[in-house]
Amino acid sequence: MVTRRTPLPGVGTQYDIATRGGQHISVVAHEDGRRFVGFYDPEDPDSCQGTVPLEAEEAARLASIIGPERAESVLPDGEFGLDLVTERIPIEPDSPYRGRPMGDTKARTRTGASIVAVLRRTGAHPSPAPDFRLEAGDTLLVVGTREGVDDLADIIAGS
């Protein structure tokens, strides 16, 4: 199996995969989290047979289905008594926290879940400080219990 990585300045990164069976798959990973999966004719590598656009959440779900052993090897269920999940929570245009400092969410105090990074079109912001302003289109990378993460998603959505 051969994998080729090609930076696409201002867009993201393209990953081309040639399987042992001779199939060619291409994934364009946009900086904003979107993904496009393309399927190519093995006889003509320049001929795309079709593409599937995926939003960030859809791409994450597909990745967890295709490679569940990778996610499980990072935090095995029940290991050390931990029952943690990692999720991406989008900041929608109607979120009450759009344009406000992240600290206003009081995420950890209210839910026990931690916002470990903010993914923005311009790049990732790991360990954001409480004064980091959230924008519509941001995606929060959150770690916590299932209940805590679900509660935080409701808070961010204004539910």
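The values are calculated or read from the model by the stated rules, or taken from the named source; none is laboratory data. Bear in mind that the values here come from a model prediction, so they are computed numbers and not experimental data. Cβ coordinates were reconstructed from backbone atoms using ideal geometry, including for glycine residues, and neighbour counts include every protein chain displayed. Areas reflect the complete protein model, heavy atoms only, side chains present, ligands, DNA and RNA absent. Shrake-Rupley method; radii C 1.70, N 1.55, O 1.52, S 1.80 Å.
Worth pointing out:
- For the stretch 11-21, taking the residues that are open to solvent by less than 60 Å² (accessible area, probe 1.4 Å) and outside any strand (DSSP E or B), the one that is farthest from GLY50 (Cα to Cα) is identified as VAL11.
- Residues being within 20 Å of ASP32 (Cβ to Cβ), touching a residue at least 12 places away in the same chain (Cβ under 8 Å) and not hydrophobic (A, V, I, L, M, F, W, C) - total across the stretch 97-156: 13
- Qualifying residue in the stretch 22-38 (condition: of a type in the set (Ser, Thr, Tyr), under 17 Å from ILE156 (Cβ atoms), out of contact with any helix residue (DSSP H, G or I) (no Cβ under 7 Å at 6 or more places or on another chain) and modelled with pLDDT of 80 or more): no
- Of all residues in the stretch 22-63, those that are in a loop (DSSP other than H, G, I, E, B), open to solvent by 80 Å² or more (accessible area, probe 1.4 Å) and within 18 Å of THR86 (Cβ to Cβ) total 1.
- The residues on offer are VAL27, VAL11, and the sole one that is among the aliphatic types (A, V, I, L, M) and closer than 20 Å to HIS125 by Cβ is VAL11.
- For THR86, the criteria (1) modelled with pLDDT of 80 or more; (2) touching a His at 6+ places or on another chain (Cβ under 8 Å); (3) open to solvent by 60 Å² or more (accessible area, probe 1.4 Å) hold in every case but one, which is (2).
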